[in-house]
Structures are given as structure tokens and as C-alpha cells.
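The structure under discussion appears below in the form of C-alpha cells.
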Amino acid sequence: MDAPAIHSPIQLSALMFAILPIASADAWETVVNNGDFAPGSTTELFFSYNQPSIDDAGLVVFRARAKTPSGGTSKGEPLSGIFTRDMSVDGATIETLAARKGQLPAPNNVTTPGPSTFNEFPSFPRIDATSGTVAFRAQSTPSLVTTLPDGSETRSGTSGLYATPANGSLTTGIRNVLPGSYPEFQVPNQQTAIRFDQFPGAPSPTGNIITFKGNWTDSNGTNQTGVYFRDIVANGGSSPVIEVARRGMAIPSNAIPENYAGTGVFDSTSPPSAAAGKMVFTGLDNEAAPKAGGIFMASLTDNPTLSALASVNTQVPKNGTQTLTAFGEGLSFDGRYVGFWGGWGTETFSKQVQCASDGSAALLSACYAQDDNGIANDGIYNFDVLKNQGIFLADTQLDKIFLVAQTGGVFDDFLFWNFSGKASGEEGDAEAEAARWRSSAFVAIDGNDVIFKAMKGAASGLYSALDVSEFFDDSDLVTLLETGMDGGMLDPMAAGLPIVSLGIERDGFRNGKLAINASMATAEEGWAGIYVTSDDVRAEILAMSIPEPGTLAQLGLGLAALTYLRLRRDMALIRQRSYRR
């Protein structure tokens, strides 16, 4: 039966968003900003923040740096660490989970010059939505002293993953200690004991399980990589690592196109995202130019099997018969829905990026030194970027994929560039990934509500899509915040300062709450912080939405947010009933 004729809910939503008031700081709560001292300090003020994560209860976890106005701590280094603040509790303070110079949990048997300590946190921390388990990656001084058969000593264990399982105490999830010293940490399914070298990206927890990407070197000296998980509490903490996928493993046949002439095996895998006892990851036959592979899901069991959620055989919704040709690594996952970036076609445009003007001296030097593009060593690079890109939502229960937003209309680009890694000569783990340019897309989902970051002309911003389903259209997209807007919309202390950067990560949108980081600055002064919506984001969106130019003057009307929510709900019910018939 055909759906009944009704007024277009897409048109109605566009009109109603257009007449809502511009956002105010009342819509946001400050988690931390430049006016906050680091825990336990009366001199070191926070000044730099990465994208935060939040759980269903409102616990926010973030990586940040702090320093005194005249410099920093010993050797001029700022304090760096992983911090939390419970936004569900009025007046809750910022707590330190781990910090540079802080002692590592066991195994840590170094006594001279003292117990091993953290020295860097290369990735943003993540948190499980329901259990509150936090997981993060860290580099450290060597943490395990081992006596060799000849009586000499060796030290190992400089890179690891750490978590706060159900008991709440900081625990080692895995570390690159000497092969054989801790069997539960070694690479699985190998004839001899082999340790992991490095753990790129950010680990993702679900309950007492951490999921992660691991790089290692096999017995032939060949570099290998894969995605794995480990229950860090079961069997008294001695449970082994379980392999999900690795380089050389066969790609599921439904993710390989007809007339494929390649190897049909994984060559690259991305850091996974986990929820509800499952994990998702991107796996490709060729990271630079994939011809097979896509996005896969696996249950976290002893013998996990892979199912393809999106692949090179997946047709792009609303775009004829074209299929996906590129897949992002940053997957937002809640156990049912997956938000991701994808590209299609072969057309490209030139993207210009430039080395930063401040930050790590070693990284800045490496960025300029690697520049052989255009005018050598001027710090300006040009990359070829796919012209056709989109933000997608996969419903794993219905086995459907929805196109949330795409380039070519309102948006110009969903990819953002960052020069990161370990520069030559820089202190830290010698096996850390080398410094280079990396591009990332940023999307966070909460059920079938999606928030993503995009470029729109000269501005970048955060945009929302609610109730993504069969009936969703990009006319329903709403602007939350954009660069150039007044920072007072987020933080009264930033009033009069334009927003210059906004950040969101894959665990930043949970249970209706949105957590972001932002910087506001002019040539003379600046401010920054981490912020969370003060109410359910579905209601806050109505208070934060920015009207499209011209529509406000055309309407000259005002509707209450509650009226809109009720109408949107009623329209959704009508559409669902019509669809089911």
C-alpha cells in the first residue's frame, strides 16, 4: 500500500529550525577550561585539550596539558595526563587518572633510579558507554627488568594500554614487555613467544574487555599488524589476547568485488571501536588504494567471525550504482549503529595543509624537513583528496546503510589533517610510529542520532542529524557550532573571542549528551576548554541551531522548542507507520 499523502516533514523541519534562537552559554557546561588548575597544583593551569569522551552517566574523560604561566614543570615540560570529571554530580572536581611522571601499575619492578613512570599519552582516551571503563594508550620508561640466562639484565615495556575495569583501579591491559615474560601479553597464534611492538590509535573498552590495534614483528623480521581484544579481569587477569583479524588473513568473500585480481587478504586494519560485547573496524587489502575490504563487525568470543557492514560492494545510497571506494578509520559504535566516513569515485581535488606554528619543536622540525612538495621546506603540502565523500550510518540490525551528509552541496570536505607521530631524535619509544601527515574524519553517534565535523567554505563546524532512517534527508541537517562564532556561546569567559577550532571524537555523544573541545582566540588573546551540553542534546539542538541565511526573514515567526519536538515525533510516527504498511 502506498504511503498516505502528507506535508513533507523534511520541509517542515527545515522551516522550524530556521526560526529558532541562536545558542547561548546556558546550553553548555564547562568541564575544564584555561581557568582551572591541574589537580593538586596551585600554579599549573590547563591550556591544551584533546577531544573528550563521555559515558551514559555523564563521566567525561579527556587528555590535557597544564603549565605555569612562566613555563612548566621540570625541564620546562608541561604537565600532561588523562583526567576525568563526573558531570552528573554538582561541584564534582577534576580527577587525575594518569599523568606524566606518575607511576605505572604492575608489572613494574624497576627500582633504579625508581619505579617506571608515564612519559606521554599519544592518543585520546575512550570510555565504555555503560560500564564506565576508561582505556587509554601510554608510553613510559622501561618497566620490566629481566635477568637473562647469562646473568645480565635487560629492560622492556615502554608502550602499553591501560584501563579502569569494574574495580575502578588503574590496570595494565597489555604492554610490550620481553617475549615470554607475561604470556597473556604476547601475540596470539604464534609458534614462538612474540611481543607486540606498538599499539597505534586509541583502545576501545566494553566492560572489562579492551579492543585494540597491535603492530608486531614476526620471526622472519616482517612487520605485521592486526586487531585484537583481551579481558583484563577474567582468570585473575591472566586471560590471553584473542585475535580478530590480522595482515595476511583472508577478507570475507562478500567484501571482494567480481573480477578482483588482488591477493584477497587484509594488509591494513584500523583501531577498533567496541560496545555491547562486539567490535567494529576497517580492514583493507591496500590502505592507499583499496580494491577489497571495508568495515567489519565481530563478536568478542574465543573464535570471532567477521561480518561485513560496508564494503567495496556497497552501493552509495541516493547516488545511483556507485560503490564505496574508501573507508574511514574513526568508527563510532554503540552495539547496533555505526557512524563512519566513506568516499566513492576517483575524482579528486587538491587540499593544501600547512605545518603548525607552535607545539613540539621536534614535530615542527620534522614537518618542515619532510616537505618536498612545491617549494621545499616551506611547510606547505598539497594532497589529492576524494571529491565525493559522505558521512554514513549503518544499522546492523536492519542491515541498512544511510547517507547522512555528502560533499558537493553545503559541505566541501569531511577530512581534517594533522602531522603527528614520533619525530626522529625525539624522546620516547623507538618503535613508535614515525611522524607524518594523517587525515581523519570525525563522527559520533547516539543511536540513530549523528553529529559530525565538516568544512563549509572557510569555516569548519559541528553539524547534527536526528532520527536518521529511510526518511532522513540532508534538509534535516542542523548547524550546532562553527568557527567564527562568538566563544561566549560556549563559555562566558570567552565572550568576544571567535571560535577558531572545534573537536569531537567517536565516544563524545552518549545518552543525549554531547562533549566537545573548543578554542577561541584573537591575535592578542585566547581561551580554550572542554564543554558538555547541559541537557539532552535533542532539546539543546533546538536552542543551539543556527538558521540558514534568509529563511528567518522570510518566516518572521516563532515556535517553542517543545512544539517542534512534539511535531517531529508525530511526523516520525506517521512516517514509520506508513513505511511498515
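Could you name every one of the strands (runs of 3 or more DSSP E) located completely within region 123-168 that has at least 1 residues being of a type in the set (Val, Ile, Thr)?
Counting at least 1 such residues, we get 134-140, 144-147, 153-156.
Evaluation of Ala255 against the conditions (1) within 28 Å of Pro125 (Cα to Cα); (2) touching a residue at least 24 places away in the same chain (Cβ under 8 Å) shows that the sole unmet condition is (1).
Yes or no, residue by residue, for (1) more than 25 Å from Ala394 (Cβ to Cβ); (2) at pLDDT 95 or above:
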{"site": "Phe229", "(1), (2)": "no, yes"}
{"site": "Glu243", "(1), (2)": "no, yes"}
{"site": "Thr263", "(1), (2)": "yes, no"}
{"site": "Ser270", "(1), (2)": "no, yes"}
{"site": "Val280", "(1), (2)": "no, yes"}
{"site": "Ala292", "(1), (2)": "no, yes"}
{"site": "Asn303", "(1), (2)": "no, no"}
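The one condition from (1) in contact with an Asp or Glu (Cβ under 8 Å, 6 or more places away or on another chain); (2) outside any strand (DSSP E or B); (3) of a type outside the set (A, V, I, L, M, F, W, C) that Arg85 does not meet is (2). The residue pairs whose first member lies in region 350-371 and is closer than 14 Å to Trp417 by Cα and free of Cβ contacts under 8 Å to residues at least 60 places away in the same chain, whose second member is among the aromatic types (Phe, Trp, Tyr) and part of a strand (DSSP E or B), and whose beta carbons are closer than 9 Å, counting only pairs six or more residues apart or on different chains, are Ser350/Phe383; Gln352/Tyr381; Gln352/Phe383; Gln354/Tyr381. Has region 314-335 got at least one residue that is over 23 Å from the mean Cα position of the chain (by Cα) and closer than 21 Å to Val227 by Cβ? Yes; the residues of region 314-335 include at least one that is over 23 Å from the mean Cα position of the chain (by Cα) and closer than 21 Å to Val227 by Cβ.
With respect to Ala255, determine if the residue is at pLDDT below 95 and assigned by TED's automatic domain parsing to the domain that holds Glu184. First the steps, then the outcome.
Numbers: at pLDDT below 95: no; assigned by TED's automatic domain parsing to the domain that holds Glu184: yes.
Here the answer is no, as Ala255 does not meet what is asked.
In region 29-63, the residue that is nearest to Asp86 (Cα to Cα) out of those that are part of a loop (DSSP other than H, G, I, E, B) and within 21 Å of the chain's Cα centre (by Cα) is Gly58.
In this structure, does Asp302 turn out to be under 22 Å from Ala163 (Cα atoms) and charged (D, E, K, R)? When the stated conditions are applied, Asp302 passes them.
Scanning region 142-170 for residues that are crowded, with 20+ Cβ neighbours inside 10 Å and at negative phi gives Ser143, Leu144, Thr158, Ser159, Gly160, Leu161, Tyr162, Ala163, Thr164, Pro165. Among all positions in region 69-83, there is no residue which is charged (D, E, K, R) and at pLDDT 95 or above.
Residue count for region 194-248, restricted to those that are closer than 13 Å to Pro165 by Cβ, touching an Asp or Glu at 6+ places or on another chain (Cβ under 8 Å) and not charged (D, E, K, R): 7. Residues of region 444-470 that are of a type in the set (Phe, Trp, Tyr) and closer than 20 Å to Gly335 by Cα: Phe452 alone.
Of the residues examined, Ala356 is one that is surrounded by fewer than 16 Cβ atoms within 10 Å (Cβ to Cβ), within 30 Å of Ser80 (Cα to Cα) and modelled with pLDDT under 95. For region 449-468, the criterion of being closer than 16 Å to Thr533 by Cβ, of a type in the set (Val, Ile, Thr) and within 19 Å of the chain's Cα centre (by Cα) is met by at least one residue. Of the strands (runs of 3 or more DSSP E) that lie entirely inside region 459-507, those containing 2 or more residues that are crowded, with 18+ Cβ neighbours inside 10 Å, without any contact (Cβ under 8 Å) to a residue 60 or more places away in the chain and not assigned by TED's automatic domain parsing to the domain that holds Gly409 span 459-465, 499-503. I need the full set of residues from region 305-322 which are modelled with pLDDT under 95, over 16 Å from Glu258 (Cα atoms) and either surrounded by 15 or more Cβ atoms within 10 Å (Cβ to Cβ) or not charged (D, E, K, R) (or both), in order please. Once the filter is applied, which keeps residues that are modelled with pLDDT under 95, over 16 Å from Glu258 (Cα atoms) and either surrounded by 15 or more Cβ atoms within 10 Å (Cβ to Cβ) or not charged (D, E, K, R) (or both), region 305-322 yields Pro317, Asn319, Gly320.
For region 286-304, name all the residues that are buried (at least 16 other Cβ atoms within 10 Å of the Cβ) and assigned to a strand (DSSP E or B). If the condition is that a residue be buried (at least 16 other Cβ atoms within 10 Å of the Cβ) and assigned to a strand (DSSP E or B), then Gly293, Gly294, Ile295, Phe296, Met297, Ala298 are the ones that fit.
Please enumerate the residues belonging to region 508-531 that are touching a helix residue (DSSP H, G or I) at 6+ places or on another chain (Cβ under 6 Å) and assigned to a strand (DSSP E or B). I'd like the intermediate steps shown before the answer.
Taking region 508-531 first, the residues touching a helix residue (DSSP H, G or I) at 6+ places or on another chain (Cβ under 6 Å) are 512, 514, 520, 527.
Leu514, Met520, Trp527 - these are the residues of region 508-531 that are touching a helix residue (DSSP H, G or I) at 6+ places or on another chain (Cβ under 6 Å) and assigned to a strand (DSSP E or B).
Take Pro115 and tell me if it is closer than 30 Å to Thr154 by Cα and assigned to a loop (DSSP other than H, G, I, E, B). Outline the logic, then answer.
Working: closer than 30 Å to Thr154 by Cα: yes; assigned to a loop (DSSP other than H, G, I, E, B): yes.
Taking the combined requirement at face value, the residue satisfies it.
Can you tell me which residue within region 417-457, out of those that are among the acidic types (Asp, Glu) and modelled with pLDDT of 85 or more, is surrounded by the most Cβ atoms within 10 Å (Cβ to Cβ)?
Going residue by residue through region 417-457, those that are among the acidic types (Asp, Glu) are 426-427, 429, 431, 433, 446, 449.
Then keep just the ones that are modelled with pLDDT of 85 or more; that gives 446, 449.
Details: Asp446: 24, Asp449: 21.
Of everything passing the filter in region 417-457, Asp446 is surrounded by the most Cβ atoms within 10 Å (Cβ to Cβ).
The values are calculated or read from the model by the stated rules, or taken from the named source; none is laboratory data. The structure displayed is predicted, hence computed values, not measured ones. Reconstructed Cβ throughout: ideal geometry from the backbone, glycine too, with neighbour counts over all protein chains shown.
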